[in-house]
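J.: Okay, handing you the structure first.
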Amino acid sequence: MTRPMTQALSSTATQDAIQVGTQSATQDATQSATQTLSQSAVRTLSCTVTDIVGGAKHAVTRVFTDEGTRTASRSATRTGSRAGTRAATRDASRNGTRTGARSGTQTGNLTDTVAYDTRANSNGKDGSITGFNLTGIVAGTTVTTLTGTPAWDAASFGDYSFGDWVGAGDYAFGDFSFGDYAFGAADLGAYTWGGWQAAPGENPADCLRVNSDNGNETVSDLVDTTVEGPVVAGDAVDGPIVPGAITEGGVEAGALAEDAPAYGATGYGAITPAGAPTVIINK
């Protein structure tokens, strides 16, 4: 007797993977600057001076000018920001199982209830056998041989379990984007004058003197004006950029790179018949 047999197989499975993502971040910064302001002015002094010489009056006009400048310095700060990205990775793993089977055969001897010699001529023809009853397999004679190659089904996995994202290297930042400086008002202070411009022999004191009370000289038509020019702002001189802390954003996940599954030890199930037995009768 021979009979096809099959044995169920099972094993555990694990699979590792790595996922690459892109992590974004922002960074703020401050920057200070100084700026110089300047302003010029022109002072004009004019008068009519009347002198009495030999009893005759002589009226002479005097004009004097003076130029002055004044400066001031002021400071301001501004804020800016920039964005950057870097690569990030995280590990993952998942567990699963797979099933399979391998084939073989079982051989053994059968017993009958009718003696062969008695049944051999029962139909009146020499050498013919009308039949006999088989009562079972002779105890201790079965042998099961499993020689087939295991045939595995695809593994069935659960969901991946991910670890934390790990940033890879430094962020690649662009340039800081700054707004304008907000300068306040500046106190220009007093003018520094260069000195009166006067013709030879003339002096601004001629106009600024007190009229004499002896009738020999007098000052009239006195005009003393100062005309200021516009305040001129120089270029802002930037100070160093002071970066602040990096504020990390989320990670945009990329593709998952999977390793090949790894299988654990094989579990062997019961050996069961896979079809009807074939009976071989030796005469």
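The values are calculated or read from the model by the stated rules, or taken from the named source; none is laboratory data. This structure is a prediction, so every number in the text was calculated from the model and none was measured. A quick note on method: Cβ atoms are made from the backbone with ideal geometry, for glycine too, and the neighbour counts reach across all protein chains shown.
J.: Take Ser38 and tell me if it is exposed (fewer than 15 other Cβ atoms within 10 Å of the Cβ), over 40 Å from the mean Cα position of the chain (by Cα), closer than 30 Å to Gly239 by Cα and modelled with pLDDT of 85 or more.
T.: Answer is no for this residue.
J.: If you don't mind, another one. Of Thr12, Thr85, which residue is closer than 30 Å to Ala155 by Cα and either surrounded by 15 or more Cβ atoms within 10 Å (Cβ to Cβ) or in contact with a Cys (Cβ under 7 Å, 6 or more places away or on another chain) (or both)?
T.: Thr12
J.: I'm trying to understand the selection: among the residues of region 72-82, which are farther than 17 Å from Phe176 by Cα and surrounded by 15 or more Cβ atoms within 10 Å (Cβ to Cβ)?
T.: Ala72, Arg74, Ser75, Ala76
J.: Additional query: Residue under question is Ala17, and the condition is that it be within 30 Å of Gly163 (Cβ to Cβ) and either among the small types (Gly, Ala, Ser) or free of Cβ contacts under 8 Å to residues at least 12 places away in the same chain (or both); does it hold?
T.: Yes; evaluated as a whole, the condition is true for this residue.
J.: Looking at region 162-176, is at least one residue surrounded by 11 or more Cβ atoms within 10 Å (Cβ to Cβ), over 30 Å from Ala245 (Cα atoms) and touching a strand residue (DSSP E or B) at 6+ places or on another chain (Cβ under 7 Å)?
T.: no
J.: Take the residues of region 224-283 that are in a strand (DSSP E or B), of a type in the set (Asp, Glu) and under 31 Å from the mean Cα position of the chain (by Cα): which is surrounded by the most Cβ atoms within 10 Å (Cβ to Cβ)?
T.: Here the residue is Glu248.
J.: Out of the residues in region 91-101 that are charged (D, E, K, R) and crowded, with 17+ Cβ neighbours inside 10 Å, which is nearest to Asp187 (Cα to Cα)? Quick ask: steps written out before the conclusion?
T.: The initial filter retains those residues of region 91-101 that are charged (D, E, K, R), namely 91, 94, 98.
Subsequent filtering for residues that are crowded, with 17+ Cβ neighbours inside 10 Å retains 94, 98.
On the way: Arg94: 72, Arg98: 85 Å.
Among those residues, the one meeting the criterion is Arg94.
J.: Quick one: is Asp66 surrounded by fewer than 16 Cβ atoms within 10 Å (Cβ to Cβ) and either touching a residue at least 24 places away in the same chain (Cβ under 8 Å) or within 30 Å of Gly269 (Cβ to Cβ) (or both)?
T.: The answer is no for Asp66.
J.: Within region 88-104, can one find any residue that is of a type in the set (A, V, I, L, M, F, W, C) and either modelled with pLDDT under 95 or more than 51 Å from the chain's Cα centre (by Cα) (or both)?
T.: yes
J.: Here is a list: Ala139, Ala56, Ala120, Ala76. Which entry is hydrophobic (A, V, I, L, M, F, W, C) and at pLDDT 85 or above?
T.: The unique qualifying residue is Ala76.
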